[in-house]
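So the structure is just underneath, and the comments pick up after that.
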Ligand SMILES: Cc1cc2nc3c(=O)[nH]c(=O)nc-3n(C[C@H](O)[C@H](O)[C@H](O)COP(=O)(O)O)c2cc1C
């Protein structure tokens, strides 16, 4: 079979065929009835384009910057944890991102140490969860800084919801011989995935090496998750504290409301990602793209506004940028590529996005990605949601036909 694939949907089909059922299920993720995960993709299908038929156009330029990093296109790798998808895991993803000139986000729950990932891609952002005491959080930040991370992604949207109507995958505590035998029926049914691991001489790593504290061993995924569950949720003073401790840019990931975005600016973040954790957090949260335009209006002149959730093609990137995002982060799209064909599969996904962005720019007769504006996109009435608009912020530049979904 030709290892090249032409769409992200095809990469997902190949990932499904290739991965053991539980690994594929862990990537599908989502929560509860899957309302949010579904809306993240559906919302992009509700948006259209308003193309031009002629006009001046030469070589298209997709380059931009995010938090001081030069990117060849407005796409970053979103941090995702537990990648038993491929033996090279996050290092393969980081290499692919570097080869295509984009930045890497590395999860706290990643399977590879940050030092190896920064070596593969110097434009790496470390993602931090509020997990453990402040001393432990500081140690993890200091390690990321020493390794050369160019920024911090602070992810705070999580609600520890563990049920899914379609069933949750069984993830073993650790992979020893006994567990391997227990999982044998599904892994043996996926010989190509198994062969990749056999060739690498390793077994899937279920530890979280970036959660290590002091000289201790890397905790197992469930140990780290348990520590996270046992930590009280942070408040805005804690966000301010993280920004003060980290000598560099902090991106707050998971913002959906205007009041939170304004507080984030006040706490000192340099960027937000409008996001609902790819539909893995509080089910019923609307698609991130619906909240983007109002948030971009509210804080886009003070900090960088990014988006993640549901991006599967270049035209999705263009829609998000036209509606006010400086760039997008992608999650499942690159995981499908990694599962389908390792580093080359992630590069394949990035090339698909680049090609899609280029053809949308051509259709819209826009030379630079930064030339896009809202007139390029057809937005149906009621699409944009103004969540959590404080009474006094009503005049913060909001306009147009917007639905007050949850006024503060
Ligand atoms: C399997 C999986 C694991 C994830 N793990 C993390 C994580 O460790 N940290 C984090 O900030 N976000 C995590 N996310 C969320 C992604 O960073 C991102 O917000 C989401 O995948 C975007 O949606 P998309 O998959 O539709 O692109 C995870 C998402 C998936 C699918």
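For this structure, a couple of remarks:
- Proportion of all alpha-carbon pairs of the chain beyond 32 Å (%): 32
- Euclidean distance of C-alpha centroids, the range 196-274 and the range 89-163, integer Å: 8
- Computed from label points 7 Å out along Cα-Cβ, the spacing between residue 53 and residue 7 is 2.8 nm.
- The range 47-179: antiparallel DSSP beta bridges as a percent of all, rounded to 5: 25
- Prolate/oblate/rounded call for the range 281-378, Cα gyration tensor, a/c under 1.5 rounded: oblate
- Neighbour-count order for 275, 111, 200, 159, fewest beta carbons within 10 angstrom listed first: 200, 159, 111, 275
- Scoring 42-50, 283-291 by mean Cβ neighbours within 10 Å over their residues and listing the highest first yields 283-291, 42-50.
- Taking 7 Å steps out from each Cα toward its Cβ at residue 370 and residue 170 produces label points 5.4 nm apart.
- Simple spin-label estimate for residue 197 and residue 160 gives 2.9 nm between the two label positions (7 Å along the Cα-to-Cβ direction from each Cα).
- Separation between Cα centres of the range 22-76 and the range 279-321, rounded to whole Å: 9
- Of the residues 390, 380, 20, the one that moves most in a GNM of the chain with alpha-carbon contacts below 10 Å is 380.
- Residue 182/residue 378 FRET efficiency (R0 60 Å; Cβ-Cβ; nearest 0.05): 0.70
- Antiparallel DSSP beta bridges within the chain, percent to nearest 5: 15
- Per-peptide average of other Cβ atoms within 10 Å, ordering 229-237, 29-37 highest first: 29-37, 229-237
- Rounded to the nearest 500, the helix-only mean residue ellipticity at 222 nm of the chain stands at -12500 deg cm²/dmol, with each DSSP H run of n ≥ 4 adding -39,500 (n - 2.57).
Taken together, the values in this text are just the output of simple stated rules run on the coordinates, not laboratory data. It should be emphasised that the depicted structure is a prediction, and the values quoted were computed from it without experimental measurement. Positions of Cβ are generated from backbone atoms using ideal geometry, with glycine treated the same way; all protein chains shown enter the neighbour counts.
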